[in-house]
Every structure is written in structure tokens, then in C-alpha cells.
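Report on the following structure.
The values are calculated or read from the model by the stated rules, or taken from the named source; none is laboratory data. Remember, predicted model here, so these are calculated numbers, not experimental data. Just so you know, the surface numbers come from the protein's heavy atoms only, side chains and all, with ligands and any DNA or RNA stripped out. Shrake-Rupley method; radii C 1.70, N 1.55, O 1.52, S 1.80 Å.
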Amino acid sequence: GRPSRRLFDIFVAEVPWTVSSKELKEYFSQFGSVQRCQLPFDRDTGFHRRYCWIKFSTPEEVQNVLQKDSHILEGSKLTLKQQLRRRRSQRKNQSE
């Protein structure tokens, strides 16, 4: 089978300061089942670092997110990048 420890699917940048991981999870849930949302915090400032990673259950859900032109939370446009899963040893994924 496939490895259970998959990386995150999507990297999100330009996250507004006022948005919490709970809100991010709620927002991205409209595209599918969000398994994890990691929003790193800066210990010194107490603020998050304005980026996060989102993990979905299926590749289809990731595509749903990426097909939408722009993602806007609290008036700010988020920048999304798909996290490519690079594993040199096994190239069983269909070629993209």
C-alpha cells in the first residue's frame, strides 16, 4: 500500500494575522475533508507566521481547492502552492 505518513498537500501563504487554524480548517473544509491544518506560531511574538499547511484525505479534494481561482479570507487573498510529494525511490504515481 501507500505510505501512511504523507506530507501535507497544500502550502498556504499570506494568511491574515486574524485568522486561526480553526478558521482555516473550516474554510478549506468546503473543498473536502481536512485532516490536518498546521499553522506555526512564533514563540517570541505570539503571532502565527502567516503561513500554514493543509492536509486533505484524497487527491481529488486537493484538486478541488486548486481549481478555485482565488481564496480570500477576511479580505486577504491567500497564496496556495501544491506540495509535490517527491520520493526518489518510488515513482508509482501516474506521471503528471
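How much accessible surface does Ser20 have with a 1.4 Å probe, in Å² rounded to 10?
Approximately 50 Å² for this residue.
Leaving out same-chain residues fewer than 8 places away, which aspartates and glutamates sit with a Cα under 19 Å from that of Lys25?
Hits, sequence-local ones excluded: Asp9, Glu14, Glu60, Glu61, Asp69, Glu74.
Run the numbers on region 15-88 and let me know its relative contact order in percent, using alpha-carbon pairs under 8 Å that are six or more apart.
Relative contact order, region 15-88: 30 percent.
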